[in-house]
Amino acid sequence: MPDIESLLKETRVFKPAKEFSRQANWNKKTTAEYRKLGDKNPERFWAKMAKENVSWFAPWKKTLQWKPPFAKWFVGGKLNVSYNCLDRHIEGENAWRRNKAAIIWEGEPGDSRTLTYGELHREVCKFANVLKGLGVKKGERVALYMPMVPELAIAMLACTRIGAPHSIVFGGFSAEALRDRINDAGAKVVITSDGGFRRGAPFELKPAVDEACEGADCVDHVVVVKRTGEETAMKAGRDQWWHELMEGASANCKPARLDAEHPLFILYTSGTTGSPKGILHTTGGYLTHVTTTAKAIFDLKETDTYWCTADIGWITGHSYVVYGILANGATTFMYEGVPTHPGPDRFWEMIDRWKVTIFYTAPTAIRTFIRLGDEHPKRHDLSSLRLLGSVGEPINPEAWMWYHRVIGNKRCPIVDTWWQTETGGIMITPLPGAVDTKPGSGTLAFPGIHATILDEEGKEVAAPNGGLLAITRPWPGMLRGIWGDPKRYRETYWSKWKDIYFPSDGAHKDKSSYFWIMGRIDDVMNISGHRIGTMEVESAIVSHADVAEAAVVGRPDEITGTAIVAFVTPKSGVDAGSALADKVRKQVTREIGAIAKPKEIRFTDALPKTRSGKIMRRLLRDIAAGKEGIGDTSTLEDFSVLAKIRESDED
Ligand code: PRX
């Protein structure tokens, strides 16, 4: 854990401002009470949260049934997520919220739409009826491959209304990646759009769906949202326009009464093997976790305009653009495009114009803004902001300080939230009205979450030594499995120690028991806050006819946190050079998507391997990072390989 040293020197402490604490949803007193209860009896704590923050059609009989590693929360309880996100805000004493903005959306070209709770409810009911009309039954999967448009949130909520688990595939993934995910989930319907706007130009999505469906026999219907208006081929009998289907749809649709453990969604994420894992989340526990954490950590108030910049295609978007925010009856802001169009101040200009009060983004974005220069945020009035958040990767103390100073004007608390696709919701975080913050630390586990640091044997590691982050008790938002693969679920998360969840992150605690997360310790890279498996990229590269072998590692990058470096051995007779590098990059884009494209490609005659044939990634990582003194090489099969790689020209 080489970074521990530098982080240990971080001694700045920021106390919550009195004015903030006074008005906070969770002040020092409530937080202390909840922490005590959560430590002593997490089940009772979560049961209390489930009662207070979620509406149930029928109460549960048992809070937790734990047959490691399989958990069931709120056993026997009945509820509906779309009911919690919509109906309950427009009925009875809350009826006034019918005309409050649920979603404020802005397209990249500058067009915008506001959907009130009443309107969103209507659209969701209509689309739920469209899905029923297409033959989608409770339990059947629907794949969503869409840009950041309101229809994506509408489609998600419509799925939850009828109990059809959704599987959202980020619009940046390729047709190949989409096909794999459609097939793995066995999706019957795909919802997409003609395209969206990015960097000032329209891009297409529908052709990728057509290509993906070529090898996906499970798909009966494709629904297409018209966003760009570009020419789009429609396949007769399979494809239909969203707006045409919606025209005739009824706005009456009763929310299905679903079991607390009914599957809510599948979201694919990278692991250490080549194939992505379908992370399964269910209804009652997930909703309790995201609703409670959103209310406590973002301090959501009736008057807030909350903006999380994540794409809904990632877990952050699922939990904290849509479900956790709408379940609290808050206003969520959604933006379609890139932060730098038409100018480097687009984000700040929108915060000013829409008077955004809470802003949640990723360190990679913050580092980009630092590089673009302070003059861009400084040109705009950011005084509406009252709370800032960070997620996706460790935030370096300097980026934290910049965020605090330039964006927060030293007034706004910063919540650095650690969690994962698998955890469903935030796990380690400050509470803005109650917990002192330190730049670069996620501070403490959320009440009811039991986190610690262990060594390989499962022994607690004393501060300030580094070790492996571990979650020792089940929690409501935890993944319920890997879709169709219970064995992989057990092996990946529950085999390091007995009945303890292993997130694959390294961490250490300081003297005040604050957590400092150091990042992944497995063969998964964190690129701009997104997880990409080295194996996935390797298999994409070797699928090219000119490549014999490839090894992929991450190296530190100032902006994206980690950058992908690929060591590639061409087949004999193939010229190594920029033409091949180009082909390799195109291959990765085709197989996975542009996010997985190697930043650097190095060609080599052979890869360093152990006697048993394992690629020595540690060495490659060091070479990629440009470190001298390569360490222990006694198990290297071919020493000459090493020298050659180091000499090899960077492409
Ligand atoms: O390594 C941790 C890092 O992101 C991983 C989870 O990635 P993903 O499932 O894509 O979810 C990202 C958004 C929740 C973790 O294993 N990570 C996430 N948040 C933080 C973080 N590392 C340090 N600090 C964080 N706040």
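The values are calculated or read from the model by the stated rules, or taken from the named source; none is laboratory data. The structure displayed is predicted, hence computed values, not measured ones. Neighbour counts run over all protein chains shown; Cβ positions are idealised from the backbone, glycine included. Just the protein is used for accessible areas: all its heavy atoms, side chains included, with ligands, DNA and RNA removed. Shrake-Rupley method; radii C 1.70, N 1.55, O 1.52, S 1.80 Å.
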Under DSSP loop assignment and at most 15 Cβ neighbours within 10 Å, longest GluC sites (Glu not before Pro)-free interval of the chain: 303-455
Cut-off under 5 Å, modelled amide H: who pairs with M525 long-range: I532, G533, T534
Potential extension, D605-D499 segment - 0.36 nm per residue separation minus Cα distance: 33.7 nm
Solitary cysteines of the chain, where the nearest other Cys Cβ is not under 4.7 Å: C85, C159, C213, C218, C308, C412
Of all DSSP beta bridges in the stretch 524-647, antiparallel share, percent nearest 5: 80 percent
Among beta bridges that DSSP assigns inside the chain, antiparallel share in %, nearest 5: 60 percent
Beta bridges per DSSP with both ends in the stretch 155-232, % antiparallel, nearest 5: 45 percent
Computed Rg/Rh of the stretch 1-157, alpha carbon atoms with Kirkwood Rh: 1.06
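If you roll a 1.4 angstrom probe over the protein chains with everything in place, what fraction of the accessible area of the stretch 524-647 belongs to carbon and sulfur, to the nearest %? Can you show the working numbers first?
Working: 2810 of 5570 Å².
Summing carbon and sulfur atoms, their accessible area is 50 percent of the total for the stretch 524-647.
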Aspartates and glutamates with Cα under 12 Å of K15, excluding same-chain neighbours fewer than 8 positions away: D436
Whole-number accessible area per residue in Å² for the chain, which is evaluated in the context of all protein chains at 1.4 Å: 38 Å²
Radius of gyration, Dmax [the stretch 524-647; alpha carbons; angstrom]: 13.8, 38
Neighbourhood charge, 13 Å Cβ-Cβ cut-off, centred on W241 and excluding it, Lys, Arg +1 and Asp, Glu -1: 0
Set of lysines with alpha-carbon distance to K254 below 23 Å, sequence-local pairs under 8 removed: K51, K78, K100, K126, K132, K137, K138, K188
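Using the C-alpha gyration tensor of the chain, what are the square roots of 5 times its eigenvalues, in whole angstrom, with the largest one first?
They are 37, 31, 25 Å, listed from largest to smallest.
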Label-to-label distance, nm, for residues given as S112 and K583 (7 Å Cα→Cβ offset): 5.0 nm
Charge dipole magnitude, Cβ of K and R +1, D and E -1 - the chain, Cα centre, debye nearest 20: 2640 debye
3J(HN,Hα) from dihedral phi, the stretch 240-255, Karplus parametrisation 6.51/-1.76/1.60, rounded to Hz, x for glycine, proline: 9, 7, 3, 5, 6, 5, 5, 3, x, 7, 6, 8, 9, 8, 5, x
Listed residue pairs exceeding 21 Å between alpha carbons, taken from K378/K410; K36/K498; K72/K487: K36/K498
Rounded FRET efficiency, nearest 0.05, which uses the C-beta distance separating K18 from S275 and R0 of 41 Å: 0.20
Straight-distance crosslink candidates among aspartates and glutamates, where the alpha carbon sits under 12 Å from K644 and sequence neighbours closer than 8 are dropped: D605
Accessible carbon and sulfur surface of the stretch 124-224 relative to its total accessible area, %, 1.4 Å: 44 percent
Amide hydrogen neighbours beyond the local backbone of L264, cut-off 5 Å, H modeled: H281, T282, T283
Sparse-neighbourhood loop sites, trypsin sites (Lys or Arg not before Pro) in the stretch 45-138 - DSSP loop, at most 14 other Cβ within 10 angstrom: K61, K137, K138
Positive minus negative residues near S167 (Lys, Arg vs Asp, Glu; Cβ under 10 Å): +1
Accessible-area value, M148, 1.4 Å probe, nucleic acids and ligands omitted, Å²: 10 Å²
Net charge contributed by nearby residues that have their C-beta within less than 12 Å of D352 (K/R +1, D/E -1): +2
Using a Förster distance of 51 Å, the FRET efficiency for A201-K137 (Cβ separation, nearest 0.05): 0.80
